[in-house]
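Here the structure is laid out as structure tokens; the discussion comes afterwards.
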Amino acid sequence: MARLAGFVLCAVPLRLALACGAALGRIAWFLGVRRKVSRINISTAFPDKTNAEVNATGRASYANSGRFMVEFIRQRTMGQKYFEKYITVEDTPALKQTVEYTKGIIGLTFHFGNWEYYGVSNAFLGKDVSFLVGRQRNGLIDRYINKLRSSSGAELLTRDVSMRGIINIARKGGIVCWLSDQSAGKNGLVVDFFGKPASTPRGAAAFSVKLNMPITCGFMVRERGPYQRFVVKEFLVPDTSLPKHEAEVELTQRYTKVLEEMVKEHPELYWWSHRRWKRTTDLY
């Protein structure tokens, strides 16, 4: 079924496919798919928003998620020409540092905008890109998703071989991209996110501190339709003067704050349906 849907979405014009994706996202909101969780999260992050504003943000977020899914399915067609036509690279100090840095980098992104294509786009800046990926419960879906991811030429690193792979990337001067903004349960590092404690994956900070690898925080900001802006907001270096655990927490808080500031600017581009504070609060 997923392959059939993918075939149809790849066959129709891009703008029509994106419109269909946005419509499906809005339908999911209307049907109540994780709507309650999303409303709680938006209200928690933005307590001054009215009910109407919370609902409008939620609908827009679901529409963006629908567009993202379409773009992900069509990823094989998103090569250099697509990048040059639809993606604007924002000139930031962090971007310059990223391009000029010759050693390995951890490229963090988050469930914001088109997070998958952010990773792919790093390759068009002249970096060897790898993705740290998890496993889907459904083996067929897992293989289908990873086949799409690898169509860009990026190497896929599963978590069971991630240490060896990341050490190799550090030596070769590549960039390993992964997501780091979901609840990590009891094993996460607890940092502040929108004024509330949130369990956050420690992997990125742990590797950064252990290998002295800088972390970039990047986003793909949707402007309109297929047009997006590639933004590297920060180039973070671990504080090696701190004890290991303190350095990991401090670094995790820094990149989580970068995400928070971007979400404040573009709340409609964040994926709100995850129970972000489920381990550390009684919101749900």
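Overview of values
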item: Prolate/oblate/rounded call for the stretch 171-282, Cα gyration tensor, a/c under 1.5 rounded; result: oblate
item: For Val54, net neighbour charge (Lys/Arg +1, Asp/Glu -1) across residues whose Cβ lies under 11 Å away; result: +2
item: J(HN,Hα) series, the stretch 39-44, from Karplus relation 6.51 cos²θ - 1.76 cosθ + 1.60, nearest Hz, glycine and proline x; result: 5, 4, 5, 5, 5, 5
item: GNM flexibility winner over the chain from Gly188, Gly113, Gly174 (Cα, springs under 10 Å); result: Gly188
item: Amide H contacts under 5 Å for Glu234, placed H, 5+ residues apart; result: Cys217
item: Residue pairs, from the table Lys36/Lys264; Lys96/Lys147; Lys49/Lys96; Lys257/Lys278, whose Cα atoms sit over 26 Å apart; result: Lys96/Lys147; Lys49/Lys96
item: For a label point 7 Å along the Cα-to-beta-carbon line of Asn168, residues of the stretch 96-125 with backbone N under 16 Å; result: 104-105
item: Order of Leu179, Leu24 - criterion: other Cβ atoms within 10 Å of each residue's Cβ, fewest first; result: Leu24, Leu179
item: 222 nm mean residue ellipticity, helices alone, for the chain (DSSP H n ≥ 4; -39,500 (n - 2.57); rounded to 500); result: -15500 deg cm²/dmol
item: Theoretical gain in end-to-end length, Lys36 to Lys49 [0.36 nm per residue, Cα-Cα removed]; result: 3.1 nm
item: Separation between Cα centres of the stretch 28-62 and the stretch 258-276, rounded to whole Å; result: 12 Å
item: Burial ordering of Glu116, Glu268, fewest other beta-carbon atoms within 10 Å first; result: Glu268, Glu116
item: Max mean-square fluctuation residue, GNM over the chain, Cα-Cα springs under 10 Å, options Phe219, Phe68, Phe193; result: Phe193
item: For the chain, share of DSSP beta bridges that run antiparallel, in % to the nearest 5; result: 45 percent
item: Options [x] 29, 21, 19; [y] 28, 25, 18; [z] 34, 19, 17 - which one matches semi-axes √(5λ) of the Cα gyration tensor in Å as calculated here; result: [y]
item: Residue-wise HN-Hα coupling along the stretch 258-275, computed from phi with Karplus coefficients 6.51, -1.76, 1.60 (Hz; x: Gly, Pro); result: 4, 4, 4, 5, 5, 5, 4, 6, 9, x, 6, 9, 8, 8, 8, 7, 8, 6
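Laboratory data are not the source of any read-out in this text; all were calculated from the coordinates shown. The shown structure was predicted, so the numbers you read here are calculated from the model rather than taken from an experiment. Using ideal geometry, Cβ is built from the backbone for each residue, glycine included, and neighbour counts are taken over all protein chains shown.
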